[in-house]
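Shown next, in structure tokens, is the structure this report addresses.
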Amino acid sequence: MLITIWWKAWSWKWTVSKILAEKLWYQIIAIGDMKRKLAKEMWLNIHEFNLLGEKPENAKEFDLKYEEYQQNLDLNSNIILDSRLGFYNQPKAFKILLDVSEEIAGERIYKANRDTDKQESLQAAIQEVHNRNKADFQRYIKLYNIDLRDQKNYDLVIDTWDKTPDEVANIILQNFQK
């Protein structure tokens, strides 16, 4: 059965997805990776790509294309769909939300010290998470009139602030097997 995962920034989504894929023998399809690839082909970073996607005249190329792709996935496939709109496009899938506070996410970003997410201070990292989450929520309310944060959209909601990726994956596996 298809599994969808949506996340707030730095909620262990990618690591948890890899653990689940290994344990279940599932494939991961990440819509963000598909978008980053297209952005790179357009000589844009992902932020610039997303800003272009927010323009109504670009909806078909930037969102509807990925929406249609997700809707056409077989519900019975062994896929983990990493997508903000997975729950919307695959309403009968097992739908997961990984949550974390902006403060914890900012702390994770700051401590990771990655080249792509490098922040000058902990406060700057928290602000970046806040801005990213706010932009995501506003975008999907505007485009689809859906609130990604509404927990009724999901079969399982996990706050990852005090859990390791392995603990999160085990919680998912226990609930998924039911």
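The values are calculated or read from the model by the stated rules, or taken from the named source; none is laboratory data. All values derive from a computational prediction rather than experimental measurement. In this analysis, Cβ positions are derived from the backbone assuming ideal geometry, glycine residues included, and neighbour counts consider all displayed protein chains.
Restricting attention to the stretch 116-127, the residues that are touching a helix residue (DSSP H, G or I) at 6+ places or on another chain (Cβ under 7 Å) and either basic (Lys, Arg) or at pLDDT 80 or above (or both) total 3. Exactly one residue out of 76, 145, 133, 113 is modelled with pLDDT of 90 or more and out of contact with any Ser or Thr (no Cβ under 7 Å at 6 or more places or on another chain): that is 76. Being of a type outside the set (D, E, K, R) and surrounded by 12 or more Cβ atoms within 10 Å (Cβ to Cβ) is the filter here, so list the residues in the stretch 160-178 that pass it. Hits for the stretch 160-178 are 160, 161, 164, 165, 168, 169, 170, 171, 172, 173, 175, 176. Residue 74 fulfils the conditions (1) within 18 Å of residue 13 (Cβ to Cβ); (2) touching a residue at least 24 places away in the same chain (Cβ under 8 Å); (3) acidic (Asp, Glu) except for a single criterion, (1). One residue stands out in the stretch 84-109 among those that are of a type in the set (Lys, Arg) and at pLDDT below 90: the one that is surrounded by the fewest Cβ atoms within 10 Å (Cβ to Cβ), namely 108. Could you go through the stretch 43-55 and let me know if any residue there is at pLDDT 75 or above, touching a helix residue (DSSP H, G or I) at 6+ places or on another chain (Cβ under 7 Å) and closer than 25 Å to residue 174 by Cβ. No, because not a single residue in the stretch 43-55 is at pLDDT 75 or above, touching a helix residue (DSSP H, G or I) at 6+ places or on another chain (Cβ under 7 Å) and closer than 25 Å to residue 174 by Cβ. For the stretch 157-164, the criterion of being part of a helix (DSSP H, G or I) and on the phi < 0 side of the Ramachandran plot is met by no residue. Report whether or not residue 151 is touching a residue at least 40 places away in the same chain (Cβ under 8 Å), surrounded by fewer than 18 Cβ atoms within 10 Å (Cβ to Cβ) and within 27 Å of residue 24 (Cβ to Cβ). When the stated conditions are applied, residue 151 passes them.
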